[in-house]
Structure formats: structure tokens, C-alpha cells
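S.K.: Handing you this structure, nothing more for now.
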Amino acid sequence: MPKFRIEGGNSLCGVIDIQGAKNSILPIMAATLVADGECVIENCPDISDTHTALEILKTLGAQVKHRGNTVWVDCRNVLDYEIPDSLMRKMRSSVIFLGALLSRHGKAVISFPGGCELGPRPIDLHLSAFEKMGVAIREEFGSLFCNGQTLQGCEIPLAFPSVGATENIMLAAVRARGTTVITNAAREPEIEDLQNFLNEMGASVSGAGSSTVVICGVDSLTGCHHRVIPDRIVTATYLCAVAATRGNALLRNTCPRHNTALLSALRQAGCEIEERGDYLRISCDFLKSARRIRTMPYPGFPTDAQAPFMGLMCVAKGSTVFVETIFENRYKHISELQRMGANITPEGRVAVVEGVKRLKGAPVQATDLRGGAALMIAALAAEGVTEISDIYHIDRGYERPEDVLTQLGAKIQRI
């Protein structure tokens, strides 16, 4: 199995471009299923989750081309409505195809999705919403059999502003009869990106980015041409990496307003940050604790940035308290950071990080996508050599991170 070998101690300096958003491309690829025409998607990140989504589309019967960071998808001949268990298990967000299949065929068969083990992430919100729209759902031997030949628009209040549930409902509702209103909807930028993609195909969706999303069903949708927004979590990760090494870098093709909470925390930690247009410049000479980080739904501090920021705070002066409110089991990276000399005390959903002067290189294991990113950040700041195993987790969300970090002067190899 491949590993990352990282020799720490080098300040990261230079210019990099940020990839397209993982959390946008997956629902957008699912959305191509509801179009009667070819969709061209630019700024598509070349990551393993993208490849899994393309495999799902091809298995269903779509015509797919992938060249560089552009994808062509034509679903006009898609007749199948069952996703194989082997593909569903590869990533949690594969459940997003359920809403699109219901929209296209009025029926779908899927198994329960896989992905990073971050604790319970029930899809009850998705299923109860579909039942309100007239879908009959039967569970049998670990598979969900869903049938709703005539989807009916309705009001759907969400008990929690779930990103996946909001997106799944949007996909199911675009060709439903009548109007669907989602209240307490998630407000993430990726939902607004999905709305824009659907509207470019001829849908009638409004309100994304607010807590109320309104979808008026239409009879048909056409293909379109769309460019995916930049990945705000990848942006956060590389900002933390530069800060951890006391570097100076320019990040292009990003969107500063999507990272307001993260940028505020970085400034509190002593980083100098310049925002202008679609770029961010960061420099850091002295790093101090950010005191308290509490993950919250957007626009709060993102749970996906918690682990990378913790990797940064391991080498900051002072104590930082982390409170994880979104997922129960999102501290798996702590034991690996401790192998490198990090001083972290976890207690349930709270973790206290006391910064140390220097981390030491060690063999560590990526336990999930963002935990793997935290280990890369710690390794870049550490003294000596770190080998990170199970980097397939990292490849799920980061496009050739070894090349990006090498551009900034890091000593990193995929071995």
C-alpha cells in the first residue's frame, strides 16, 4: 500500500491553485442523472471519490468522458436504477444518488453507504423526506428498495440542517409535481453550487445559502456547462500547512468568503492573511493558540476543518479547546498525533490541545480523510521523517497533495 514519506522542518512558500470542491462535484454528478442531455463539468477534482461517482454513473448506463479536470456526462440512455453494494460502500456521499434516481425513474435500489467511520450518521432525514413526497421504502437484507412513481412536492422541515438531506431532497424535487419547501436547510456553499447547476439545466430552485430552499418541479431538464466552486476544506488544509511551518504562500482559485470562520481562527492564532478576489495570501511568524474552536453548521467553523486545524494547534503556543458538535467519532487522529509528541487530552466531544515546541517524526496511520490531512500538517512541522500509511483516505479528497506541497517546498514523497 502507498505511503507518504514527509521530512519536516521546511517553511512552505510559493503559489498554488486550489482544486474544485469535493463536496460540490459529488451531488452535481448525481444531478446529471436528471438531465436529458450532455453535461460538461469543469474544475472537477481528480480524486478517488470522483472516480467512484463516475463508476456509479457508468454502472447505471451513463456515457462518461474524463479528461484532466473536465468531465462529460450523458445520461440519456440510463435505464438502470440499482447501485451495486461494492460502489455504495466506497463513500458515504453515494447516498446522494438516491434522490436523483427517484427523480429520473421514480424508483431506486441502494445499499447503506460507506465512507469514513465518523460515528452514527443516519440517513433517516433523507428517508423520512422521501416518504413525505410519496415514496414507499422497504429495507431488506441491508438494501433499500424505494418506489415513488409520482413524487409530490410538499413542505419538509429538517430536524437538523443536514447537507446531504438538503441536497437529496433538492434532487428528488426538481421533477416532482408541485412545489417543495425545505426549512432549516443546510446553508453550505456547495448547496448553492448545486442549485446553480440545476437551474442551468432548467430547474426552478431558489433560496440555497439560506435556511429555506424552494423547488418548483418541472417536466424536463437539459444538459448544461458548469464550473465547480473551489474546495474550501482543501483551502483550509493548505492554509494550516503553511501556518504550521511558519511559511508564506499565495493560494489562487479560492473563495475567501466561504472560509470566514476558519480565517478568523487563523488570524486569532497570529497569522497574517490578505483576501483579494479569488486568492488568499497567508504568512505566519509566530503561532499562538486560538483558545476555543467549536464546530458548527455553516457558516460556523466546519467540522471538516477541525482535524487540520488541530494539527496546526499542536505546534502553537498555549492551549486550544476543541468542541466537536457534528460527529461523535471525529477524534481518531488524536492518538496518531500523540505518537508524534502532541499534547492532547480528549474527553468525549471535547479535546484540549497544549501546543509543544516541536513534534517528532513517527510512523502514523491515516484513519479518515481529514484526520489524514491533520497528520500531513503535523509531519510538515515536525522534526525528522514521518511515514503516513493508509493514504487512500487522503486521496478521497485531495488531488495529488504531494505535488501541491512540493510546489511549496515541502519534502514529501509517495512511496
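S.K.: Can you name the residue in segment 139-167 that is at pLDDT 95 or above and among the acidic types (Asp, Glu) and, of all such residues, is surrounded by the most Cβ atoms within 10 Å (Cβ to Cβ)?
M.R.: Glu167
S.K.: Separate question: Under the condition of being among the aliphatic types (A, V, I, L, M) and assigned to a strand (DSSP E or B), which residue from segment 231-274 is farthest from Asn10 (Cα to Cα)? Even if it seems obvious, please write down each step before you answer.
M.R.: Step one: filter segment 231-274 for residues among the aliphatic types (A, V, I, L, M), giving 233-234, 236, 239, 241-244, 249-251, 261-263, 265-266, 269, 273.
Right, trim to assigned to a strand (DSSP E or B) and you get 249-251, 273.
Numbers: Ala249: 13, Leu250: 17, Leu251: 18, Ile273: 20 Å.
That would be Ile273.
S.K.: Of the residues that make up segment 123-138, is at least one assigned to a strand (DSSP E or B), modelled with pLDDT under 95 and closer than 22 Å to Ala35 by Cα? Don't jump to the end; show me each part of the working.
M.R.: Looking only at segment 123-138, we keep the residues that are assigned to a strand (DSSP E or B), and these are 136-138.
Checking which are modelled with pLDDT under 95 leaves us with 137-138.
Subsequent filtering for residues that are closer than 22 Å to Ala35 by Cα retains none.
No, every residue in segment 123-138 fails to be assigned to a strand (DSSP E or B), modelled with pLDDT under 95 and closer than 22 Å to Ala35 by Cα.
S.K.: Among the residues of segment 300-320, are any of a type in the set (D, E, K, R), surrounded by fewer than 24 Cβ atoms within 10 Å (Cβ to Cβ) and assigned to a loop (DSSP other than H, G, I, E, B)?
M.R.: So far as segment 300-320 goes, no, none of its residues is of a type in the set (D, E, K, R), surrounded by fewer than 24 Cβ atoms within 10 Å (Cβ to Cβ) and assigned to a loop (DSSP other than H, G, I, E, B).
S.K.: Let me ask something additional. Tell me whether segment 194-203 contains one or more residues that are under 26 Å from Asp36 (Cα atoms), among the aromatic types (Phe, Trp, Tyr) and in the same structural domain as Val95 (by TED's automatic domain parsing).
M.R.: Keep residues of segment 194-203 that are under 26 Å from Asp36 (Cα atoms), which gives 194-203.
Now restrict to residues that are among the aromatic types (Phe, Trp, Tyr): 197.
Among the residues that remain, those that are also in the same structural domain as Val95 (by TED's automatic domain parsing) are: 197.
Looking through segment 194-203, at least one residue is under 26 Å from Asp36 (Cα atoms), among the aromatic types (Phe, Trp, Tyr) and in the same structural domain as Val95 (by TED's automatic domain parsing).
S.K.: Can you tell me which of Arg358, Arg349 is among the charged types (D, E, K, R) and more than 23 Å from the chain's Cα centre (by Cα)? Full working, then the answer.
M.R.: Numbers: Arg349 fails: more than 23 Å from the chain's Cα centre (by Cα).
Result: Arg358 is the single residue among Arg358, Arg349 that is among the charged types (D, E, K, R) and more than 23 Å from the chain's Cα centre (by Cα).
S.K.: Could I ask something else about it? List pairs: first in segment 323-346 and assigned by TED's automatic domain parsing to the domain that holds Arg358, second part of a loop (DSSP other than H, G, I, E, B) and aromatic (Phe, Trp, Tyr), Cβ under 7 Å, 6+ apart or cross-chain?
M.R.: Partner pairs satisfying both residue conditions: Glu324/Tyr331; Pro346/Tyr331.
S.K.: Next question, about the same structure. Do we find that Val213 is of a type in the set (A, V, I, L, M, F, W, C), buried (at least 16 other Cβ atoms within 10 Å of the Cβ) and out of contact with any helix residue (DSSP H, G or I) (no Cβ under 6 Å at 6 or more places or on another chain) in this structure?
M.R.: In short, yes.
S.K.: If you don't mind, another one. From the residues in segment 239-273 that are among the polar types (S, T, N, Q) and buried (at least 21 other Cβ atoms within 10 Å of the Cβ), which one is farthest from the chain's Cα centre (by Cα)?
M.R.: Of everything passing the filter in segment 239-273, Thr245 is farthest from the chain's Cα centre (by Cα).
S.K.: How many residues are closer than 18 Å to Thr237 by Cα and in contact with a helix residue (DSSP H, G or I) (Cβ under 8 Å, 6 or more places away or on another chain) when one looks only at segment 14-47?
M.R.: 11
S.K.: Just one of Val234, Val242, Val174 is in the same structural domain as Ile41 (by TED's automatic domain parsing) and either modelled with pLDDT of 95 or more or farther than 26 Å from Arg400 by Cβ (or both); which is it?
M.R.: Unique residue meeting the criteria: Val174.
S.K.: Could you tell me whether any residue of segment 169-189 is in a helix (DSSP H, G or I), among the small types (Gly, Ala, Ser) and touching a residue at least 12 places away in the same chain (Cβ under 8 Å)?
M.R.: yes
The values are calculated or read from the model by the stated rules, or taken from the named source; none is laboratory data. Because the structure is predicted, anything quoted here is derived from the model rather than measured. Cβ sites come from the backbone with ideal geometry, for glycine too, and all protein chains shown count toward neighbours.
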